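Undergrad: Questions regarding the structure given below will be posed in turn.
The values are calculated or read from the model by the stated rules, or taken from the named source; none is laboratory data. Remember, it's a predicted structure, so these values are computed and weren't measured experimentally. For neighbour counting, all protein chains shown are included, and Cβ atoms are generated from backbone atoms with ideal geometry for every residue, glycine included. For accessibility, only protein heavy atoms count, side chains too; no ligands or nucleic acids. Shrake-Rupley method; radii C 1.70, N 1.55, O 1.52, S 1.80 Å.
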Amino acid sequence: MSENKQYNEAAAVSLDDVRIYVANTLEDYLRIREFRAVEFVYKNGLSRDVEFGDNEFGSTYILAVKGAGKTVGMIGYEKHCDFVRFKRLAVDEDYRKSGLAQMLNLEAVSICRADGYEKVYGVCDEALLDYHLKHGYKVIEGAPKETVGNMTLVPIMMTLDPYENRLKMTDPPSRVLAQEGRFKAEDNKSGIRGTKGINDKLALILRKRNEYRSK
């Protein structure tokens, strides 16, 4: 999913005033463009044509914003027929030891499980492969690596636990037509099958706190 460098779960900075939410306005999209330009074009050597392609508006993005101003993290996802592709996970350098990357990933997992998805596809920089293996991903056997910019990208996947209350065509229109992220899976821990590395209790506390603040 083309991340920026080095995540560590040890606490570093406070997340008390960081709000995590689904991007839904022009201001949010401009935040996303600016953050991606710094983290992927400038720091990881991607060209703008690669980073900002033809399918810009076919994805959902989740932002982490400090207070009323600074963007400190993001993750995107793109829905396909039977899997969802996670992409553009990145956190500000000051937040790479805060658990923010984990929170963003779990927020996307929660939304996608509620929508009925059980498979996640992504690519990660080879330098970050151990981090993703620890957090529920596995390497896709037979899928080749690829060099883009100054990154060696490795295809990875993750299996999610089925969600009993997932979105169905027989649900009320108010749910089917709801804004992305309005409904989330909350039935058990992380929702990622076979994961031992995630601190589920911490992730749940942080996610609940952010949901409360976004109301």
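Undergrad: Over the Cα atoms of the range 121-188, each weighted equally, I'd like the Debye log10 I(q)/I(0) at q = 0.17, 0.25, 0.26 Å⁻¹, rounded to two decimals.
TA: Values returned for q = 0.17, 0.25, 0.26 Å⁻¹ are -0.75, -1.02, -1.08.
Undergrad: Sticking with this structure for a sec: Which GluC sites (Glu not before Pro) does the range 104-167 hold that lie in a coil by DSSP with at most 13 other beta carbons within 10 Å?
TA: GLU141, GLU164
Undergrad: Starting from the 7 Å offset along Cα-to-Cβ, what nm value, one decimal, do you get for the label separation of TYR42 and SER14?
TA: Simple spin-label model gives 2.7 nm for this pair.
Undergrad: Please list MET151, MET157 from largest to smallest accessible area, probe radius 1.4 Å, with all protein chains kept in place.
TA: MET157, MET151
Undergrad: Calculate the spin-label point distance for LYS145 paired with THR25, positioning each point 7 Å from the Cα along the beta-carbon direction, and give it in nanometres.
TA: Taking the simple label geometry, THR25 and LYS145 are separated by 4.3 nm.
Undergrad: Using R₀ = 25 Å, calculate the FRET efficiency as 1/(1 + (r/R₀)^6) where r is the Cβ-Cβ separation of LYS138 and ASP82; round to 0.05.
TA: Calculated transfer efficiency: 0.90.
Undergrad: Measure up LYS79/LYS189; LYS43/LYS87; LYS97/LYS168; LYS79/LYS145; LYS43/LYS97; LYS43/LYS184 against 27 Å on the Cα-Cα distance and list the ones that go over.
TA: Result: LYS97/LYS168; LYS43/LYS184 exceed 27 Å.
Undergrad: Full-extension gain between LYS168 and ASP130, please, as 0.36 nm times their residue separation minus the C-alpha to C-alpha distance.
TA: Full extension of this stretch gives 10.1 nm more.
Undergrad: Report the dimensions of the range 31-131 along its three principal axes from the alpha-carbon atoms, largest first, rounded to Å.
TA: 33, 31, 31
Undergrad: Cβ under 15 Å from PRO172's Cβ, PRO172 left aside: what net charge do those residues give with Lys, Arg +1 and Asp, Glu -1?
TA: Local net charge: +3.
Undergrad: I've got another one for you. Go through SER59, SER14 and list them by solvent-accessible area, largest first, probe radius 1.4 Å.
TA: SER14, SER59
Undergrad: Expressed as a whole percentage, what fraction of the accessible surface of the range 81-133 belongs to carbon and sulfur atoms when a 1.4 Å probe is rolled over the protein heavy atoms?
TA: Ligands and nucleic acids excluded, carbon and sulfur give 44 percent.
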